[in-house]
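Data block below; observations after.
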Amino acid sequence: MSAPPDTPSLAELQRDFQRHVMHGHERIIDAVGGSPAVPATLRLAIYSEAYRLRLTDALASTLPRLQQSMGKEAFAAVAREYIDLCPSRHPSIRWFGDQMPRLLRESFPQQPWLAELATWEWSIASAFDGADAEPVGIDALAAIAPEQWPALTFQFHPTLQVLAMRTNAPVIFRALSADAPPPEGVALDEAQSWLIWREGLKTQYRSLAPDEVAALDVMRGGGSFELLCDALCAWHDADAVPAQAAGLLKRWVVEQMIVGVS
């Protein structure tokens, strides 16, 4: 027996329920049974609140130092605003939160380290969850013939990221991670570049000097070893450039950043 024409289908009920949970639409209320003790609005509110609490927990799991820095109540308030403005669109809850830095920049323009702390933590988590790749060993470089070096290009680990930070957010992150009193958030006169990558099963990070930033930019863009040396000439005497370039390559290999040579 078919349902009466005015009876919503299961798919319609599911869509209405989703709209209510996410946006507060009231159309579903009439289709939900209730009682004087537990009316339909209360039953639906339980699901709406559970949805927001679960997403807030997911954000706190990905951005624990941001929550620690802001305090749980302030973080929860920002999380609820984020949930309403940026609904989850990915099948995995792990990737909910990528727009949090943007919201923090808009909501806390006088505290730019909050947005950068969110950016930093998101990047750390992304490196941890990123794709695997087998690193190249020192022996692979030693086997390369001298005449091949100028044209060599290198492929880097897919988790590698370079961030230009304009506040001391990484220092705040490090202090909070060590359960130490964090420094006061400050904006820097000049941006400081940082490198984030995964070495084996451990996420690593360190600050970068300007010459290494330029070197990585060239090499990650597909540039050759010869172009790397040309770029380093802006910071070092020509006679010292080959040793500087070789030193950078050795460090990148030792730190398991390079996964291919061609």
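Any read-out appearing in this document is the output of simple, stated calculations on the displayed coordinates, not a laboratory observation. As the structure is a prediction and not an experimental result, all values here were calculated from the model. With ideal geometry, Cβ positions are generated from the backbone for all residues, glycine too; neighbour counts draw on all protein chains shown.
Here are a few things to note about the model shown:
- In Å, descending, principal axis extents of the Cα set of the range 151-262: 48, 33, 20
- Across the range 227-235, coupling constants 3J(HN,Hα) worked out from phi with the 6.51/-1.76/1.60 Karplus curve, θ = phi - 60°, read 5, 4, 4, 4, 5, 6, 4, 6, 10 Hz, and Gly and Pro carry x.
- Qualifying GluC sites (Glu not before Pro) in the range 193-262, DSSP loop, other Cβ atoms within 10 Å at most 15: none
- For Arg198, Arg102, the sequence from fewest to most other C-beta atoms within 10 Å is Arg102, Arg198.
- Descending by average beta-carbon neighbour count within 10 Å, the peptides 49-59, 117-127 line up as 117-127, 49-59, the highest first.
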